[in-house]
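To keep things clear, I will list the structure first and then write my remarks on it.
The values are calculated or read from the model by the stated rules, or taken from the named source; none is laboratory data. Keep in mind it's a predicted model, so treat the numbers as computed, not measured. Using ideal geometry, Cβ is built from the backbone for each residue, glycine included, and neighbour counts are taken over all protein chains shown.
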Amino acid sequence: MQPRHFSPPTRPSVFVLALACMGVMPSVAQDALTTPSILAPASTPAKEIYGLSLFVLLITGAIFVVVGGLLAFVIIRFRARKSDAEHEPAQIYGSVRVELAWTVIPVLIVVVLFLTTARIIFAIQDAPEPESALDVTVVGHQFWWEFRYPKLNIVTANELHVPVSSSADPEPTYLRLLSADVDHSFWVPQLGGKTDLIPNHPNEMWIDPHKPGLYRGQCAQFCGIEHALMLIRVYADTPQQFDAWVKNQQRPAADDAAVAAGRQVFVSEACASCHTIVGTSAHGTFGPDLTHLMSRATIAAGAATNTPENLRAWIENPNTFKPGALMPAMQLTKKQTDQVVAYLTTLH
């Protein structure tokens, strides 16, 4: 059974992101200048949640109109008048019908909302995984994302590539969510609801983007000082784009003799203790895998665009973009920094 189908960020931009996620601002996923919105669902789980939210809004809106209308009627109809007698009006000390009405009706409303919500939750969580599904393990770190594709032997960071899915050719992506340190929460509003990453407690979710493009999100659980800049970029690729990306990611790191000095500095300094570059002696796992660093649009989990200038600033002082980041300033000489940057920019 297949799933059903229905320039770097600044502090102010993080606030704009929060507003947009609540639907205050519109969004177009493909436009780099826009931000995500729960009102523009682009996958089956997100559409299911969106439909439920409209149903709940309809029910609560009707309650508001009825209660507000009755209140307005009573205020206007029974307002004090100069002709009124100066004595207390007749008092009513109980009405079985009224009391039954304001007890039974709210109970029925809650039951309907509960059953509808439960149906959507189980429909999303219990959707069977088809053979065509892509499996990705997501590991939350302070303050970046690690993405592992076990069947494809790929490890990357911060930018998740998945294939577009359609009713004719369903290719949902199933995410196994883990945490390496504290609680995190994976949330891409246009693709699905929030799901927590809890240490020693694996969680799962799935997405099936229906249109190619970039979908943005971020960690939705406070996880430390740089929680606000733990951003997510999900690229929904066409089959041709995804195959090309996989082929590139499966290659070992570029080995350019022209930047051998930078590679030597990288593997001989503390860089290799935290980062992995396939094909070298660098096998660290504390920081992101850098084998194909330049294939990513951003660095520092979306805190800055991926340019040589920003790479240099990040290496010299990570606090430039991410105050409180766990990566230390490397204390390299200017010459060493230039060599390392020249090497890293060959890692496409």
Go through (1) in contact with a Gly (Cβ under 8 Å, 6 or more places away or on another chain); (2) modelled with pLDDT of 95 or more one by one and return the number of the condition Val104 breaks. (1)
So which of Glu48, Glu86 ends up being charged (D, E, K, R) and either more than 30 Å from Ile124 (Cα to Cα) or in contact with a strand residue (DSSP E or B) (Cβ under 9 Å, 6 or more places away or on another chain) (or both)? Glu86
Looking only at the range 33-85, filter to residues that are under 24 Å from the mean Cα position of the chain (by Cα) and hydroxyl-bearing (Ser, Thr, Tyr); which one of those is surrounded by the fewest Cβ atoms within 10 Å (Cβ to Cβ)? Ser53
Taking first residues from the range 293-304 that are in the same structural domain as Tyr215 (by TED's automatic domain parsing) and second residues anywhere that are assigned to a strand (DSSP E or B) and modelled with pLDDT of 95 or more, the pairs with Cβ under 9 Å that are 6 or more apart or on different chains are none
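When you go through Glu88, Glu99, Glu129 one by one, which is the residue that is within 40 Å of the chain's Cα centre (by Cα), of a type in the set (D, E, K, R) and on the phi < 0 side of the Ramachandran plot? Before the answer, list the steps.
Working: Glu88 fails: within 40 Å of the chain's Cα centre (by Cα); Glu99 fails: within 40 Å of the chain's Cα centre (by Cα).
Going through Glu88, Glu99, Glu129 in turn, the sole match is Glu129.
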Selection from the range 266-304 of residues that are in a loop (DSSP other than H, G, I, E, B) and more than 28 Å from the chain's Cα centre (by Cα): Glu269, Ala270, Gly279, Thr280, Ser281, Ala282
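Residues are listed down the side, and each one gets a yes or a no for (1) modelled with pLDDT of 95 or more; (2) farther than 30 Å from Ala236 by Cα:
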{"position": "Thr60", "(1), (2)": "yes, yes"}
{"position": "Tyr93", "(1), (2)": "no, yes"}
{"position": "Ala118", "(1), (2)": "yes, no"}
{"position": "Leu134", "(1), (2)": "yes, no"}
{"position": "His141", "(1), (2)": "yes, no"}
Starting from residues that are outside any strand (DSSP E or B) and out of contact with any strand residue (DSSP E or B) (no Cβ under 7 Å at 6 or more places or on another chain), keep the ones in the range 125-149 and report whichever is nearest to Ile198 (Cα to Cα). Gln142
